[in-house]
Amino acid sequence: MNEGRGVHRSAPIRAAATVSVPARAAVSVFDMNTFAPGRAGGGNLGIALSIYTKVVVRRRQPDEIRTRDQSETQALFDHCVSVWTSKIGETGPFDLRLLESPLQHIGLASSSAFQAAVYVGLNWLDGLPLSESELLALLHSSYKEVVAGRTVDGFTTGLSGYLNLYGGFAALDTDLRPLRHLHLPPWKYVVAVPRKWATGSFGDEEAKLLMSEGKRLDDRDREDKRRLINDTLLPALDRRDLRKFGQGVHAIQQLGNKRCEILLHGERMDRALVELWNSGIECVFLSALGPAIVLLSESPIDRVAPLLDELRLDVMYAGTVDSTGVVITGGPDADAPIS
């Protein structure tokens, strides 16, 4: 973690912290049979992008009027504070200000990024009682999503939290154990979504699909996925060979639950992924369930702008991959320790 960089568990108690974490783009779950809503796992690999969730978490005076709203982030913040209080004890009250957030429900793990940022902020305010591994375990075990204003158990492979903290590329096994973590060259990315996409349009449909057909297909294809990961994807990343990595990613998009995720969006999504790959971009994939399509290249990607328009895809973000991870600074109204 970074205030600059580096964590010391005997840090002072603070009044406020500003926390920024990068978004996560995910290639494919290894095996849908090894996790479920409320049970972290499944295995996953992906890359951190320079799309940030940035929050201010601060200690509020007991008689101070609370800043709050009815948003999804408020519900998640209240959940995180409740979990933190159960784990550490009553050290609040706390307040939140959301400074930046990516588009929600497009496959960039905005819910995880928010919860990771809040837990990091609470840990910083309380003098770092938890180590980084303990923070990740807390995020995995308490991960939630918001449906109709209520927090519910969500799907998490643990990859998003790991990339929120450390950036770069990571692969986590089905038991949440890191298989590989690498800092990456400044590869370029574009995130595009289908024009007139409907945010949050899946919900129960997504869960039913992944827990039925996704499990069945992963039961059939998980060994092929594992071979691709071990024999192609990880060695390519070790060499920083983006084109070879992209070939493996293209192959894994045809297997198991990933086919379910792509086809849930219909033939238009399938065609878009194939045509973008055929255009010569080194790496193209649907991030998690999407509908965000991620394009990675060693050179600027503006050459495919006409094709994106032809495929009726709108560019939402563009930049370089993030190899820094979480950044912590003093809050805007409390740069110094309070004790």
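The values are calculated or read from the model by the stated rules, or taken from the named source; none is laboratory data. From a predicted model like this one, the values you see are computed outputs, not experimental measurements. All Cβ positions, glycine included, derive from the backbone under ideal geometry; neighbour counts span all protein chains shown.
For the stretch 249-279, which positions are surrounded by fewer than 16 Cβ atoms within 10 Å (Cβ to Cβ) and of a type in the set (Val, Ile, Thr)?
Of everything in the stretch 249-279, just one residue is surrounded by fewer than 16 Cβ atoms within 10 Å (Cβ to Cβ) and of a type in the set (Val, Ile, Thr), namely VAL274.
Which of the residues belonging to the stretch 214-239 are over 22 Å from ALA36 (Cβ atoms) and of a type outside the set (Asp, Glu)? Outline the logic, then answer.
Keep residues of the stretch 214-239 that are over 22 Å from ALA36 (Cβ atoms), which gives 224, 227-228, 230-239.
Scanning the stretch 214-239 gives ARG227, LEU228, ASN230, THR232, LEU233, LEU234, PRO235, ALA236, LEU237, ARG239.
Is it the case that some residue within the stretch 99-121 is touching a residue at least 24 places away in the same chain (Cβ under 8 Å), over 20 Å from the mean Cα position of the chain (by Cα) and assigned by TED's automatic domain parsing to the domain that holds ALA36?
Taking the stretch 99-121 and keeping what is touching a residue at least 24 places away in the same chain (Cβ under 8 Å), we get 99-121.
Restricting the remaining residues to those that are over 20 Å from the mean Cα position of the chain (by Cα) gives none.
No, there is no match, as no residue in the stretch 99-121 is touching a residue at least 24 places away in the same chain (Cβ under 8 Å), over 20 Å from the mean Cα position of the chain (by Cα) and assigned by TED's automatic domain parsing to the domain that holds ALA36.
Checking the condition charged (D, E, K, R) and at pLDDT 95 or above, which residue from LYS208, LYS188 passes? It would help to see each step written out before you state the result.
Details: LYS208 fails: at pLDDT 95 or above.
Unique residue meeting the criteria: LYS188.
Going by what's in this entry, would GLY92 be described as under 19 Å from ALA288 (Cα atoms) and part of a loop (DSSP other than H, G, I, E, B)? Let's see the steps before the verdict.
Details: under 19 Å from ALA288 (Cα atoms): no; part of a loop (DSSP other than H, G, I, E, B): yes.
Spelling it out, it is not the case that GLY92 is under 19 Å from ALA288 (Cα atoms) and part of a loop (DSSP other than H, G, I, E, B).
Can you name the number of the only condition in (1) part of a helix (DSSP H, G or I); (2) outside the structural domain of ALA272 (by TED's automatic domain parsing); (3) over 20 Å from the mean Cα position of the chain (by Cα) that LEU217 fails?
(2)
Run down SER133, SER141 and say which single residue is surrounded by fewer than 23 Cβ atoms within 10 Å (Cβ to Cβ) and farther than 30 Å from PRO235 by Cα. Can you show your working first?
Numbers: SER133 fails: farther than 30 Å from PRO235 by Cα.
After ruling out the rest, the residue left standing is SER141.
Being buried (at least 17 other Cβ atoms within 10 Å of the Cβ), under 14 Å from LEU76 (Cα atoms), hydrophobic (A, V, I, L, M, F, W, C) and at pLDDT below 90 is the requirement here; does VAL146 meet it?
Details: buried (at least 17 other Cβ atoms within 10 Å of the Cβ): yes; under 14 Å from LEU76 (Cα atoms): yes; hydrophobic (A, V, I, L, M, F, W, C): yes; at pLDDT below 90: yes.
Answer is yes for this residue.
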